[in-house]
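Report on the structure given below.
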Amino acid sequence: MPTLLKIDASPRGDYSVSRNLTTIFTEEWTKNYSGTVVERDLFKTDLPFVDVPWMMGAYTPAEQHSPEIQKTIKISNDLVDELLAADHIVLGTPMYNFATPAITKAYIDHIVRVGRTFSTSYEGLAKGKKLTIIIASGGVYTPGAHMEAYNAESGYLKQIFGFIGITDVNIVLAGGSNALNTGEKTLPQVVEEHKAAVVEAAK
Ligand SMILES: Cc1cc2nc3c(=O)[nH]c(=O)nc-3n(C[C@H](O)[C@H](O)[C@H](O)COP(=O)(O)O)c2cc1C
């Protein structure tokens, strides 16, 4: 039975476009694969920035680690183990300032680890996984949209996951949530607009 790792990065709970869409993805995936789902809510995870004890933990052998280093590197080790154990991954993330939010970047800094997810010769070690990234944004960045070139998030996420060996990546651009702020559309309407792409991605 395959395992799906569902990662959410929005702070907005039920009002989040990306969370609503990762939930739809997960329901569809479960129908299609009957596998196990592991949920990783980044807003319920303590994700410290990289500091010196973290570097010592990441770049020195485990048997040399002091209790402080062991404590600091533990969350990174746990996140890497969780990622490596997954067959499929769905990552739901907002776009902030045309890029990926700090919380998603903090997660990436914990899972991109030499000797764990990439080798010293820069070969990705997290191979054979399928990743769907759902990016919720206020504006629209689909091909041909006038703001398309401002999207600095899709390319980066594709690149960094590719670097660790996850090359089967499907990005769903769930743009247009500005219509919620203006009252032009409701949350269910915005979610519905992206549902078909998410259902397709969960196949
Ligand atoms: C701090 C911040 C920065 C944002 N920057 C952008 C942006 O650069 N481009 C954009 O289209 N939307 C931007 N937005 C809007 C969010 O991407 C949008 O609300 C999206 O739906 C958030 O995802 P969520 O609904 O899953 O929380 C920003 C929102 C916030 C709070």
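The values are calculated or read from the model by the stated rules, or taken from the named source; none is laboratory data. Not measured: the values here are computed from a predicted model. Every residue, glycine among them, receives a Cβ derived from its backbone with ideal geometry; neighbour counts consider all protein chains shown. These area figures cover heavy atoms from the full protein model, side chains too; ligands, DNA and RNA do not enter into them. Shrake-Rupley method; radii C 1.70, N 1.55, O 1.52, S 1.80 Å.
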Qualifying residue in region 28-43 (condition: modelled with pLDDT of 95 or more, part of a loop (DSSP other than H, G, I, E, B) and either within 16 Å of the ligand (Cβ to nearest atom) or within 23 Å of F118 (Cβ to Cβ) (or both)): no
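For region 165-189: of the residues being within 9 Å of the ligand (Cβ to nearest atom) and within 19 Å of E200 (Cα to Cα), which is nearest to the chain's Cα centre (by Cα)? Write out each step before concluding.
First, pick out the residues of region 165-189 that are within 9 Å of the ligand (Cβ to nearest atom): 174-178, 180-181, 187.
In the following step, the residues that additionally are within 19 Å of E200 (Cα to Cα) were identified as 174-175.
On the way: A174: 14, G175: 17 Å.
My answer is A174.
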Count of region 181-203 residues which are without any contact (Cβ under 8 Å) to a residue 60 or more places away in the chain, surrounded by fewer than 17 Cβ atoms within 10 Å (Cβ to Cβ) and not charged (D, E, K, R): 7
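Any idea which of T132, T117, T167 is β-branched (V, I, T) and open to solvent by 40 Å² or more (accessible area, probe 1.4 Å)?
On the way: T132 fails: open to solvent by 40 Å² or more (accessible area, probe 1.4 Å); T117 fails: open to solvent by 40 Å² or more (accessible area, probe 1.4 Å).
So the residue among T132, T117, T167 that is β-branched (V, I, T) and open to solvent by 40 Å² or more (accessible area, probe 1.4 Å) is T167.
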E123 away from the ligand (no atom under 16 Å from the Cβ) and open to solvent by 70 Å² or more (accessible area, probe 1.4 Å): yes
Residue that is nearest to the ligand (Cβ to nearest atom) [pool: residues in region 6-27 that are in contact with a helix residue (DSSP H, G or I) (Cβ under 6 Å, 6 or more places away or on another chain) and outside any helix (DSSP H, G or I)]: S10
